[in-house]
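Enquirer: Quick one: this structure, given as structure tokens, is what I'll be asking you about.
Taken together, the values in this text are just the output of simple stated rules run on the coordinates, not laboratory data. Please read all numbers here as calculations on a predicted model, not as lab measurements. Neighbour counts run over all protein chains shown; Cβ positions are idealised from the backbone, glycine included.
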């Protein structure tokens with residue numbers, strides 16, 4: 001699980017081209033949107049693409065992704081749950 | 001406002017057919033040109049419902065659709081403006097092209113290794129497309145290519161007016177064109193901005209836009225060269241929300257600023273506006289923002305307004321030009337355009353939203369609005385008589 | 001009309017972009033927007049000195065958005081599809097949006113595509129029509145190696161910017177000043193990147 005969390009942080013930095021941000025600087029539970037990394041609606045769409053491209057998970061509706069995108073931790077939980085089903 | 005600029009002729013190739021007459025019929029009947037198109041398989045794209053120009057027997061030029069759409073509209077516009085053009089030396093005829101993607105078809109072909117001959121390839125570049133259109137249609141005066149997202153068309157009309165006002169040209173072809181492409185439909189799909197059921201501007205259940213294509217031309221000249229009652233450009237305004245690249249400022253303050261600038265340039269108070277043609281893409285955010293902007297400027301007294309993208313789809317760089325032509329047709333017919341594909345108006349939409357076309361006691365002052373990615377807002381004020 | 005003067009000029013290249021430190025979200029912009037933003041930073045302006053709703057932004061995109069278009073379209077076969085962020089930058093005027101957002105400039109915008117657009121002459125018109133009191137004029141020329149292969153022209157990546165103001169001290173704008181790059185070259189500024 002902590003591998004997945006770390007992997008997600010690496011992918012987020014890469015996909016969202018976050019300059020000068022290291023994966024270690026991203027707090028597991030910090031909000032991704034609004035405050036924290038201050039991501040916006042286009043970033044959310046980019047993360048949807050990332051989920052399909054790297055984790056094979058398809059999100060049809062952006063609303064479906066909303067609870068998953070709260071934090072890196074919630075994203076990891078979402079992926080883990082989807083993989084089980 | 002310096003020397004008045006008037007409209008001497010129009011041409012259009014759109015989803016409702018070839019020619020301005022097809023637009024006029026669609027306006028009066030409130031029809032929609034949006035249809036499922038096999039080219040945009042809804043397994044790969046968010047929707048296959050688009051505003052595609054129907055083949056008319058000659059067929060759409062396959063490797064140079066941008067040139068074809070603009071070329072056909074130019075031919076029609078020139079025929080409408082024969083008298084003015086006959087008395088204008090070619091060096092005094094300019095051309096301003098508005099496009100977001102020019103002949104993007106060429107990039108798709110080259111990337112796939114499919115054949116793409118010249119001049120289709122060079123028309124990938126907007127300035128070269130503009131130059132070739134000018135050469136093909138007897139415009140040896142100043143030539144420009146403007147590209148300001150979905151506000152391009154209104155910016156191009158302003159640029160044309162300024163060329164005439166400063167004496168750099170006596171007639172200007174303002175050409176708006178964008179063609180339907182996988183490039184654009186895939187992009188809006190990635191942004192999840194398309195309504196799977198086709199756009200429904202200002203509708204309570206709207207979910208997004210419908211991509212469209214068009215070639216549209218307005219011939220501008222000095223007002224004293226056109227018989228009365230002429231349709232003139234009374235004022236305009238451009239502003240930026242300075243807020244977000246793809247989402248409009250929620251309170252509509254940027255668009256309100258552009259509207260106020262147009263009113264100020266025309267020296268016209270807001271209550272004199274007889275009709276507003278909205279940008280009305282059908283996305284949840286855009287239409288709410290426009291409703292807010294109109295409330296900001298007009299308070300509870302919003303003039304009759306409607307959205308035309310249910311008829312033609314979102315034609316991007318052509319939108320400002322073809323939708324201005326719709327306004328011109330409405331003014332000549334003294335008919336308020338309806339809002340095709342609207343079923344149930346959203347709660348926040350102004351009460352003055354026109355659903356079905358109806359005749360108007362007066363259509364002398366009309367406002368055309370557009371907004372675009374990068375936070376740009378535009379307003380154009382047309383006058384009649 | 002009061003004469004128009006250039007109060008600042010700058011030129012930046014891709015090397016300047018690589019060295020730039022403009023925050024964690026700078027990386028998401030496309031190269032054209034990065035260059036344009038950097039060129040504006042290098043002017044060292046204080047926009048508080050002018051009403052932000054009366055500052056115009058004029059952009060000449062010599063190669064349109066074609067470099068970004070090529071990059072976006074090359075991702076069409078990716079699982080998950082092409083990048084929505086890149087798509088948002090497949091517009092020649094995207095850099096205007098970024099400049100407006102960063103400096104909170106709500107005035108009029110103009111973007112022209114091609115070389116020799118005569119953009120400066122068009123910027124002058126914004127003053128004449130009473131729409132602006134000052135204007136940022138930026139020229140971008142971005143041809144990535146991938147685009148160069150398609151167009152058959154050399155790759156390049158640079159931007160230059162001018163600030164034009166009504167009245168005051170500075171190099172007066174003349175009748176023959178039509179293009180941004182040539183005027184920047186003439187003023188021969190030494191770029192100072194923050």
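Enquirer: For a protection proxy built on the mean count of beta-carbon atoms within 10 angstrom, sort A:8-16, C:4-12 highest first, please.
Expert: Descending mean neighbour count gives C:4-12, A:8-16.
Enquirer: Using the scaling law 2.2 N^0.38 Å as the reference, what is the normalised Cα Rg of region C:8-78?
Expert: Scaled against compact globular proteins, the figure is 1.32.
Enquirer: Within 10 Å of each Cβ of A:49-55, how many other protein chain Cβ atoms are there on average?
Expert: Shielding by partners across A:49-55 averages 4.
Enquirer: Moving on. To one decimal place, what orientation-averaged projected area in nm² is obtained for the convex hull of the Cα set of region B:279-336?
Expert: If you wrap the Cα atoms of region B:279-336 in a convex hull and average its projections, you get 4.4 nm².
Enquirer: Related question: Please give the direction-averaged projected area of the C-alpha convex hull for the protein assembly as shown, in square nanometres with one decimal.
Expert: Average projection, Cα convex hull of the protein assembly as shown: 27.8 nm².
Enquirer: Explain nothing, just the number: relative contact order of region B:60-217, from Cα pairs under 8 Å at least 6 residues apart, as a whole percent.
Expert: 31 percent
Enquirer: Can you say what percent of the DSSP beta bridges in region B:156-236, counting only those with both residues inside, are antiparallel? Round to 5.
Expert: So the antiparallel bridges in region B:156-236 amount to around 90 percent.
Enquirer: Run a plain Debye calculation on region B:13-98 (Cα atoms as equal point scatterers, no solvent) and give log10 I(q)/I(0) at q = 0.14, 0.17 Å⁻¹, rounded to two decimals, same order as the q list.
Expert: Listed by q, the Debye log ratios stand at -0.66, -0.88.
Enquirer: Let me ask something else about it. In degrees between 0 and 90, to the nearest 10, how far off the longest principal axis of chain C does helix C:31-41 point, with axes built from Cα atoms?
Expert: The answer is roughly 30 degrees.
Enquirer: Which of rounded, prolate or oblate describes region B:57-106 when judged by the alpha-carbon gyration tensor and an a/c cut-off of 1.5?
Expert: oblate
Enquirer: Right, another one. Expressed in nm to one decimal, what extension gain is obtained for the pair residue B:333 and residue B:272 from 0.36 nm per residue of sequence separation less their Cα-Cα distance?
Expert: 20.1 nm
Enquirer: Each label point is 7 Å from the Cα along the Cα-to-Cβ direction; what then is the distance between the points at residue B:118 and residue C:78, in nm?
Expert: With each label placed 7 Å out from Cα toward Cβ, I get 3.5 nm.
Enquirer: Output needed for chain A: three equivalent-ellipsoid semi-axes, defined as square roots of 5 times the C-alpha gyration tensor eigenvalues, in descending order, whole Å.
Expert: Over the Cα atoms of chain A, the ellipsoid semi-axes are 18, 15, 12 Å.
Enquirer: Another question, then. On a 0 to 90° scale, report how tilted helix C:119-128 is relative to the longest principal axis of chain C, with both axes built from alpha carbons and the result rounded to the nearest 10.
Expert: 50 degrees
Enquirer: Determine one quarter of the surface area of the Cα convex hull of region B:1-42, which equals its mean projected area, and express it in nm² to one decimal.
Expert: Seen from a random direction, the Cα hull of region B:1-42 projects 5.5 nm² on average.
Enquirer: Obtain the nm distance between the two label points defined at residue B:82 and residue B:135 by a simple spin-label model: each point lies 7 Å from its Cα along the Cα-to-C-beta direction.
Expert: 2.8 nm
Enquirer: When only alpha-carbon atoms count, how far does region B:325-385 stretch along each of its three principal axes, as whole angstroms with the largest first?
Expert: 35, 28, 17
Enquirer: To continue, here is another question. Let me have the 222 nm mean residue ellipticity of chain B computed from DSSP H runs of 4+ only, each contributing -39500 (n - 2.57), with the sum over all residues rounded to the nearest 500.
Expert: Value at 222 nm, helices only: -9500 deg cm²/dmol.
Enquirer: Okay, moving on. What Kirkwood hydrodynamic radius, in Å, does chain C give when the mean of 1/r is taken over all pairs of distinct Cα atoms and then inverted?
Expert: When all Cα pairs of chain C are included, the Kirkwood radius is 17.0 Å.
Enquirer: Just want the ordering: C:181, B:272, from fewest to most Cβ atoms lying within 10 Å of their own Cβ.
Expert: B:272, C:181
Enquirer: Another question, if that's okay. Using only the Cα atoms of region C:54-105, each taken as one equal point scatterer with no solvent, compute I(q) by the Debye sum, divide by I(0), and report log10 of the ratio at q = 0.14 Å⁻¹.
Expert: Each listed q maps to, in turn, -0.44.
Enquirer: Turning to a different aspect of this structure: Expressed as a whole number of Å, what is the distance separating the alpha-carbon centroids of region C:7-55 and region B:240-261?
Expert: One Cα centre to the other: 22 Å.
Enquirer: Between residue B:43 and residue C:19, with labels modelled 7 Å along Cα→Cβ, what's the label distance in nm to one decimal, could you check?
Expert: Each label point lies 7 Å from its Cα, and together they span 5.3 nm.
Enquirer: If each residue's Cβ is checked for other Cβ atoms within 10 Å, how do B:62, B:105 rank with the fewest at the top?
Expert: B:62, B:105
Enquirer: Taking every Cα atom in region B:82-209, find the radius of gyration and the maximum pairwise distance Dmax, and write them in Å.
Expert: 17.8, 52
Enquirer: Classify region B:247-385 from the C-alpha gyration tensor, please: rounded if a/c falls under 1.5, else prolate or oblate depending on whether a/b exceeds b/c.
Expert: rounded
Enquirer: For a quick size check, give me the Cα extents of region C:116-194 along its three principal axes, largest first, whole Å.
Expert: Each principal axis gives a Cα extent; for region C:116-194 these are 45, 29, 23 Å.
Enquirer: If you don't mind, there's one more thing I want to ask. For n ≥ 4 DSSP H runs only, could you compute -39500 (n - 2.57) per run for chain C, divide by its residues and tell me the 222 nm figure to the nearest 500?
Expert: The helix-only estimate for chain C comes to -9500 deg cm²/dmol at 222 nm.
Enquirer: For region B:128-173, rounded, prolate or oblate, judged on the Cα gyration tensor with a ≥ b ≥ c (square roots of eigenvalues), a/c < 1.5 rounded, else prolate if a/b > b/c?
Expert: Oblate.
Enquirer: Please report the base-10 log of the normalised intensity I(q)/I(0) for region B:217-307, using a Debye sum with one equal scatterer per alpha carbon and no solvent, at each q in 0.11, 0.18 (1/Å).
Expert: Each listed q corresponds, in turn, to -0.38, -0.89.
Enquirer: Ok, one more. Quick one: B:238, C:143, fewest Cβ neighbours within 10 Å first, how do they rank?
Expert: C:143, B:238
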